[in-house]
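Structure, as C-alpha cells:
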Amino acid sequence: MNIKRHELTARYAQAVTHDNTVYLAGQIADDWDKDITGQANEIFARIDILLAKAGTDKKKLLTMTCWINDFSNYTGFNQAYDAWIDAENLPARATVRAELLDPKLHIEIMLTAAK
C-alpha cells in the first residue's frame with residue numbers, strides 16, 4: 001500500500017495519494033470578500049496546483065463535492081465551474097447547501113481524482 005501526504009497542516013493534509021487515487025481536503029478561498037465566482041476561481045486555481053503536485057490534473061477527476069452557503073449563489077458558482085472544468089471529463093458531482101465556517105465564505109470544494 002502506497003500512501004503519500006502532501007502539504008501537511010497542523011490538523012490535516014491538503015492532499016493524500018493512495019496508489020493511483022488522489023484525495024483533496026476541502027478547499028476554501030483565502031479572500032472571503034470575493035463573491036462566489038471569485039472564491040470559486042481562487043479555489044479552482046489552488047486545486048490545479050494541488051493536483052499537479054500529486055501527479056494528476058482536472059481531466060482525471062472522479063468525484064467533486066461542493067458546499068455552498070446559499071442556493072442563490074448557484075448560478076455564480078456554475079459560471080466559474082463551467083469556465084474551469086474540462087467538459088469532456090466531468091466528475092460525478094454533488095452540490096449541497098451548508099452553513100460554512102463564516103457567513104462571508106460562500107463555497108468549499110472537496111474532490112477525488114485518478115492519477
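Each reported figure results from applying straightforward, stated rules to the coordinates on display, with no laboratory input. Because the structure is predicted, anything quoted here is derived from the model rather than measured.
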> Roughly how many whole Å is it from the C-alpha centroid of the range 71-92 to that of the range 1-34?
Replying inline: 21 Å
>> What are the ³J(HN,Hα) couplings of the range 75-88, residue after residue, when phi is run through the Karplus curve with 6.51, -1.76, 1.60 and θ = phi - 60°? Round to Hz, x for glycine and proline.
In response: 5, x, 5, 4, 4, 5, 4, 4, 6, 8, 5, 7, 4, 7
>> Below 17 Å, Cα to Cα, which aspartates and glutamates can Lys104 reach? Residues fewer than 8 away in the same chain don't count.
In response: Asp30, Asp31, Asp33, Asp35, Glu42, Asp70
> Out of residues 5 or more away from Thr95 or on other chains, whose amide H comes under 5 Å of its own, with H placed 1.01 Å from N in the peptide plane?
Replying inline: Cys66
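Compute the length gained on full extension between Thr21 and Asn78: take 0.36 nm times their separation in residues and subtract their Cα-Cα distance, giving the result in nm to one decimal. Please list the in-between numbers first.
Numbers: separation 57, 0.36 × 57 = 20.52 nm, distance 2.56 nm.
Between Thr21 and Asn78, full extension yields 18.0 nm more.
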